[in-house]
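Report on the following structure.
The values are calculated or read from the model by the stated rules, or taken from the named source; none is laboratory data. Remember, predicted model here, so these are calculated numbers, not experimental data. All Cβ positions, even for glycine, are placed from backbone atoms using ideal geometry, and neighbour counts span all protein chains on display. Remember, those area values only see protein heavy atoms, side chains included, never the ligands or the DNA or RNA. Shrake-Rupley method; radii C 1.70, N 1.55, O 1.52, S 1.80 Å.
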Amino acid sequence: MADLHARPPATPDRWLGFQTLFKKEMLRFWKVGFQTVAAPVLTALLYLLIFAHVLDSHVAVHGVRYAAFLIPGLAMMSVLQNAFANSSSSLIQSKVTGSIVFVLLPPLSYLDFFAAFVLAAALRGLVVGAGVLAVTGTVVALAVPDAGFAVAAPGWVLAFALLGGALMGALGLIAGMWADKFDQLAAFQNFLVMPLTMLSGVFYSIHSLPAFWQGISRFNPVFYMIDGFRYGFFGASDVAPGLSLAVVLGGFLLTAAFTLALLKRGYKLRA
C-alpha cells in the first residue's frame, strides 16, 4: 500500500489524483447542500432574528446598529464551523467505514492530501458564509433600512475568510486523525471548536467585557478572525486589523505545519 510518506514526482497523474480527491471532497458537501449549506444559513438567520429583535434598539457597537454588527460575526462563525466540519467529518467517516484505503492507495503525497482536504473545507466555509451574508444582509436591509450594513474593505473580508477557513480545515484534519469514533470527534467540536467560536466576539465587542475577560478573550485565536473579518465591513474593530491578520496567519502556519507532520507520519491513517 502506498503511504503518505511518499512524494511522487510532479507528473500529470499526480495532479489528476489531487484534482480527483479535491472534487470528491467538494461533491461530498455539495450533493447534500440542503443539509450542509442551507441548514447553517437558517441557523444564522435565527440567531440574527432573536438577538436583533431583543437588542437592536438598545445596543450600538462602533457606531453601528446591533443588527448590522451581528451579520459579519454570524457569517464568519459559519465559515469556521463548517470548514472544520467538512474536513473532520470526511476523514473520520473514511476511517470508520474503511474507505480511507482508497485514498491511501493512489500515489498522493501528504501535501496533496492536505491541500485537497483543506481547500475543500475552506470553500465550503466560503459558500456557507456567502449564503449567510446574502440572507441576513437582505433581511436587515428590509427590516432596518438605516442599519448601515456595507463592505468597507473587501480585501480584508476575503483574506480573513480564506485564512480562517483554511486554519479550521487543517484543525479538522487533526481532529479527524486523532478521533477513532464519531463521539470523540463530537467531543472535540463541542468542547473546543464551539466554545472558541461562540466566545470570540460574534455577539458582542470585547470592550463591553470586564478587563479580566477582555484579557482572556485576547488569547482566543478565533477572536482575531471575527474581529478582522468585521473590520472589512465597518472599518472599525476591537484591535488593529494588521495584528489580527498576523495572529491568524501565524495560527494557520503553525496548524498547517503540525497537520503536515502528522500526515507525513501517517498518524492513525496507516495500519
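Scan segment 251-262 for residues that are touching a residue at least 40 places away in the same chain (Cβ under 8 Å) and either in contact with a His (Cβ under 9 Å, 6 or more places away or on another chain) or open to solvent by 50 Å² or more (accessible area, probe 1.4 Å) (or both) and jot them down.
258
Just to check your reading of the model, which residue among 155, 172, 137 is buried (at least 21 other Cβ atoms within 10 Å of the Cβ) and part of a helix (DSSP H, G or I)?
Just a single option satisfies the conditions, and that option is 172.
Modelled with pLDDT of 90 or more, open to solvent by 20 Å² or more (accessible area, probe 1.4 Å) and under 26 Å from residue 166 (Cβ atoms) - does that describe any residue in segment 46-54?
yes
When residues of segment 204-238 are filtered for being more than 17 Å from the chain's Cα centre (by Cα) and not in a helix (DSSP H, G or I), how many remain?
Here the count works out to 10.
Of all residues in segment 94-127 being closer than 19 Å to residue 30 by Cβ and over 19 Å from the mean Cα position of the chain (by Cα), which is surrounded by the fewest Cβ atoms within 10 Å (Cβ to Cβ)?
Out of the qualifying residues, it is 99.
What pairs can you find where one residue is in segment 218-236 and surrounded by fewer than 24 Cβ atoms within 10 Å (Cβ to Cβ), the other is of a type in the set (Phe, Trp, Tyr), and their Cβ atoms are less than 8 Å apart, with a gap of 6+ or different chains?
232/156; 232/160; 234/69
Does any residue of segment 191-202 turn out to be part of a helix (DSSP H, G or I), polar (S, T, N, Q) and crowded, with 19+ Cβ neighbours inside 10 Å?
yes
Which of the residues that make up segment 203-213 are crowded, with 17+ Cβ neighbours inside 10 Å and among the small types (Gly, Ala, Ser)?
Once the filter is applied, which keeps residues that are crowded, with 17+ Cβ neighbours inside 10 Å and among the small types (Gly, Ala, Ser), segment 203-213 yields only 205.
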